[in-house]
Every structure is written in structure tokens, then in C-alpha cells.
Amino acid sequence: MPTTPLSLALVELWIANPALPWSNPVWQSLTHIPGVPWAYDRGRGVTCVAEWTVDKAQAVEAFMNNCRTAEDPAEHFAAKGKDDDHEGRSAWNAWVKTSWVKWNINKLMDCIFEESGCEPHVVMARLKCKISDDFPRMEAAQVKHVVSIKLADALFGDDAFTDGTFIVSSIMTFITALLVLTWTRYRKVIKRQVDSIHKKFQEVEDQWPAMTAPDSKPTLVSIRAYLKKLDSLVTLISAFKDQKMAENINARREQVNAILAADKKGPIKAESIASQQMIMPHASNYKRPHPSDSVSEPDKKKLCHEAGASFIKYEDF
């Protein structure tokens, strides 16, 4: 699916319904933005966004209005070069990028994905994907219909629904953009983890012939260092639940212990990957904040913890 930038997704949501998202009480409780960000009072020199001057807020306001009246808002939003909206466009994009991190919405989404059984490693296990397989597409993972309602409720509350069940069209478009961005983020993280596994696995494979050569006399220190590398692989592989690779690492550990036993140094106790817990932490039901609540940073962290935050860190967009 095509990716819509966050800053554009917010603009399109506002164009579809000027009350969204900035007048929504749940969204305000998450972002601490009390109204449209480009609001200002020139007489008092006050702006809604503290980082903006009145002139910059006015430039953003003009950019927003021009996007709304443009024949193709997305095309106007993405215009290159220094047109009349260059200052407002640049200020808006920069503010959304930094603010999204402060709002911790990615962490909130990670909690909901995990609570819904859609954490990427869980999805790969459900689809029986091995480490060597490509990360599944979002459509194949079937996460949209599972996550959408919970996410819409967490971000917008009752305003997200037409009759308590069906999501408002403009919000569904916004939610879909967030899901695509999140799945792309997960794909990048999984790729880095897989690349790390392949690199570490190749390292232990390349080192093995030298340790087992007929004239080789590996020291206890070098053998322990080798086992430490295997332990590192254990940690990475356990998240993927790839039984075949786990069996390969277990077999190698048995070989290393055999070397130690033959040298009468005694085997080093090593837990089997298969015996390690390969199930993600149990997640409790997510409960969105009441519109009247002010969600502090510690509360957001607690919320994610209670929702079963994953031990895997997924970086921001």
C-alpha cells in the first residue's frame, strides 16, 4: 500500500472534518494541543505552538487553507521548490515530526498491536514464517481489521464511530495511513534483526573450523567466548520462534560441550533455546484515557507497560 506522510495524513483529516483531530477531547488529552496548532493572537503575540512566532503560525495557517482549497491537496502539500507556502509547509512538517515523538503515539500503537496479537514476531510465528522468509505484507498479516477499532477508540474515542461500531470514513483513512506507516516501521526493524542474526550466525560458523581442526587446542577462555556468541544468537532467535534455526544452535552447543568434556574440563551448562519461553508477555486489555484526563509522560509509560509493551524496541517514524 502507498505510504502517506504523517503530516499529510493530519492535513487530510482536518480537510475532511475541521473538528478533527484538534478539537477532539481524546486527541487533546494525548497531545496536549488545545486546538488548531496554527492558532495565534497577534495582539498579544501568543501562539498555540510555543516554538512558532506569530508570523510562522500565520504562514502555517495560510498553507493549511491553501491545501484545503487546492484541487489536489496532496499535490499542493508535496510541492517542491520555494513557492508562497514554503515557510508554512516546512514549519508544519518539522513540527509534526518532532511532536509525534513527544506524543508517544507510536508507543501507544505498539501496545495496541501487541495486545491484539499483531506484534510482528507473533504474526511471523502465526504465518509460520522462518527467519529467512520475507516479512509478511500487512494485508497477509490481517492486522487492519483487528487493530483499527481499538486504535480509533484510543485516539478519538466516541467521535471515531458512526454508531458505536463503524469507524467514521475520514478517521478510517487516517487510521489506515498510520497502520501502513507502522507496518513499514516494523519491517525495517525486523530486517535489521534478521541481518544481525545472519551476521552472528556466519561468525560462529566461520570460527568453528578453526576450533575443531585436528591440531587445534582451544582454551577455556576462547570456548566460553564462543558460547557467549551462541547465547547472543539465542536471544535474537527466540523472538522469531524459528524452531529449525533453534535446533541448529542447540546442536552446536552440544558439540562445544563435547569438546569441553573430552578435554576433561567439564561441560558448561547451557540452556536449550527450545526450553526458553518463546511467548510474548501477556497483555492486559487496553483502556483509552477519559477525555477529561490529562495523560502525563509517566502515565503513558504505565499505560504501555500495562498493555504488555514489547521487549523489542521499534524506533519512531
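Using a 1.4 Å probe over the heavy atoms of the protein chains, calculate the carbon and sulfur portion of the accessible area of region 188-258 as a whole percent.
Heavy-atom surface of region 188-258 belonging to carbon and sulfur, 1.4 Å probe: 55 percent.
For region 78-159, what is the accessible area per residue in Å² when the probe is 1.4 Å?
46
Going by amide H atoms built from the backbone, whose H comes under 5 Å of the H on Phe161, apart from near neighbours?
Val168
For region 34-193, give the magnitude of the charge dipole about the Cα centre (Cβ charges: +1 Lys/Arg, -1 Asp/Glu; no others), in debye to the nearest 20.
840
Taking a temperature of 10 °C and a viscosity of 1.306 mPa s, what whole-number D in µm²/s does Stokes-Einstein yield for region 1-68 with Rh from Kirkwood over alpha carbon pairs?
D = 124 µm²/s.
Heads up, I need the accessible area for Glu205: 1.4 angstrom probe, whole protein in place, Å², nearest 10.
Taking all protein chains as shown, Glu205 has close to 70 Å².
For region 24-38, in order, what is each residue's ³J(HN,Hα) by Karplus, 6.51 cos²θ - 1.76 cosθ + 1.60 with θ = phi - 60°, in whole Hz (x at glycine and Pro)?
Karplus values, whole Hz, x for Gly and Pro: 6, x, 5, 4, 5, 5, 7, 9, 6, 9, x, x, 4, x, 8.
Given N residues in region 119-254, what is Rg(Cα) / (2.2 N^0.38 Å)?
So region 119-254 has a normalised radius of gyration of 1.53.
Per-residue HN-Hα couplings for region 80-95, Karplus 6.51 cos²θ - 1.76 cosθ + 1.60 at θ = phi - 60°, whole Hz, x for Gly and Pro?
Per-residue couplings from phi come out as 9, x, 9, 8, 5, 9, 4, 5, x, 4, 5, 5, 5, 4, 5, 5 Hz.
Please report the carbon-and-sulfur percent of the accessible area for region 64-151; probe 1.4 Å, protein heavy atoms only, DNA, RNA and ligands left out.
52
Please name which of Phe63, Thr4, Ala125 has its Cα lying farthest along the dipole of region 1-134 towards the positive end, using unit charges on Cβ (Lys, Arg +1; Asp, Glu -1) and the Cα centre as origin.
Ala125
Kindly sort Asp163, Asp134 by accessible area of their heavy atoms, largest first, with the probe set to 1.4 Å.
Accessible-area ranking of Asp163, Asp134, largest first: Asp134, Asp163.
Note the full-extension length gain between Gln243 and Ala74 as 0.36 nm times their separation in residues minus their Cα-Cα distance, in nm to one decimal.
56.3 nm
Compute, for region 97-161, the length of the dipole vector about the Cα centre, with Cβ point charges of +1 (Lys, Arg) and -1 (Asp, Glu) only. Units Debye, rounded to 20.
Once rounded to the nearest 20, the dipole reads 240 debye.
The values are calculated or read from the model by the stated rules, or taken from the named source; none is laboratory data. Small disclaimer: the values here were computed from a predicted structure and weren't measured. Neighbour counts are summed over all protein chains in view; Cβ atoms, including those assigned to glycine, are modelled from backbone coordinates with ideal geometry. With ligands, DNA and RNA removed, areas are computed over all heavy atoms of the protein, side chains included. Shrake-Rupley method; radii C 1.70, N 1.55, O 1.52, S 1.80 Å.
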